[in-house]
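Report on the following structure.
The values are calculated or read from the model by the stated rules, or taken from the named source; none is laboratory data. Given the structure is predicted, the values throughout are model-derived calculations rather than measurements. Note: ideal-geometry Cβ built from the backbone for every residue, glycine included; neighbour counts use all protein chains shown. For accessibility, only protein heavy atoms count, side chains too; no ligands or nucleic acids. Shrake-Rupley method; radii C 1.70, N 1.55, O 1.52, S 1.80 Å.
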Amino acid sequence: MAGTTLSPLADLLSEGGTLLRDGLVWAIYCRPGQEPQELEREVVVHRLTTGNFPPEFAEGEGWAWFHFDIVHTMSRHQIETIPSLPEEVRQVLTNLERSTRLESEGDIVFGALPAFDDTSTDDDRNVSTWRFALESDLLLTTRRHPIPALGVVFHELKRGLVPRSPAKVVDRALLEFADTLRRDFARLDDQLDRAEDVLLMLDRDTDLGRVSGLLGMVRRRSTELRRVLAPVDRIFRDEELELPEWAEDDLKDRSHRQVHAALDDLMALQDRARSLQDELTSNQAEETNRRLYILTVGTILMLPATLVTGFFGMNTGGMFLTNGTWGTVDAGGLCFLIMMGTWFLLKVIRFL
């Protein structure tokens, strides 16, 4: 553990609980089969400064969860001055980047994992990042935006659903994230169903532009989610990742299965979207060809008449049909006969 001074947190304690007011969202102590106990600020500061709980918490298989909001500079400064954590762990906990990672140092597992925040609607959720440091008796988490997944786990603990290891809290938060992803996938799949129905019932009144908009929205959203899931899946597949024995099953095994299953569902959704995009492109090309075909046929049919009118429009002497009163009618009839002859010829050569 880092051997820094204890004065920063001791000063916070002497200032009447600045630690709680400036970042600590909750601090609970959990024992399997019991409701969590809210901890006093003295216990929180004692654990973070010394690395151990007071003697009255030493017995049993309990563990604590400290959750911090680091949106303010003061909160980040408090995390950076926790003497019981190595410097690299403190840097991860206060990092504001959205990148994901999972590492271990000795008996501490730490990293940053994705989750949806509550700053957007269900139709277009923003993906945020929450960070954690995990020991056998402590889970320390930080975030900038409220994370509903962590709130769900917290309320489950308050109802007495306390696991034996804090590693299962991280696993449960990832499971909640995966479940939310699957709800998003179901919504996107419904959009693909609508697009597929329109393509299967294609007629002349079909708005292919609207179908293209639906597919574009699905492909954009699925690509955004894949950029989030793929790095997490790579992290858990890293053969060099070595976790403590107490965290191996809950994190590297269970969490990896959840993330990998969600990634498989997402790839299947993207494959379907690409298939429908190919079908849409084919239909659009077919519609374009049909319109070009009609235009070409019309141009060919009008070509003889254009030649006739061009011929009769020449200002030359001796032009026939210029002396009679029905010359215009005769010329029009001649154009019509030539057009019908052209149409018959196209039928014979099977152009039409």
Subject >> Cα gyration tensor shape for the stretch 67-128, rounded if a/c is under 1.5, else prolate or oblate >> reply: oblate
Original post:
What ratio of Cα Rg to 2.2 N^0.38 Å holds for the stretch 20-172?
Top reply: 1.00
Subject >> Contour minus Cα-Cα distance for GLN191 and VAL348 (0.36 nm per residue) >> reply: 51.8 nm
**OP:** Between LEU200 and GLN284, take the C-beta separation as r, use R0 = 22 Å, and let me know the FRET efficiency to the nearest 0.05.
**Re:** 0.90
**OP:** Counting only heavy atoms of the protein chains, get the accessible area per residue of the stretch 251-314 (1.4 Å probe) and round it to a whole Å² value.
**Re:** 59 Å²
Subject >> the stretch 28-72: GluC sites (Glu not before Pro) falling in loop per DSSP and having at most 16 other Cβ within 10 Å >> reply: GLU40, GLU59, GLU61
**OP:** Could you list the trypsin sites (Lys or Arg not before Pro) in the stretch 126-197 that lie in coil according to DSSP, counting only those with at most 16 other Cβ atoms within 10 Å of their Cβ?
**Re:** ARG159, ARG164
Original post:
Counting other Cβ atoms within 10 Å, which GluC sites (Glu not before Pro) in the stretch 190-288 have at most 15 and lie in a DSSP loop?
Top reply: GLU239, GLU240, GLU242
Original post:
At a Förster distance of 25 Å, what's the computed FRET efficiency of ARG257 paired with ARG226, Cβ-Cβ distance as r, to 0.05?
Top reply: 0.85
Original post:
Mean separation of Cα pairs under 8 Å and 6+ residues apart, divided by the residue count of the stretch 57-114: what relative contact order is that in percent?
Top reply: 21 percent
**OP:** Provide the FRET efficiency to the nearest 0.05 for the ARG182-LEU307 pair, computing r from the beta carbons and using R0 = 41 Å.
**Re:** 0.05
**OP:** Ratio to report: Rg/Rh of the stretch 117-245, with Cα atoms as the point set and Rh obtained by the Kirkwood method; give two decimals.
**Re:** 1.11
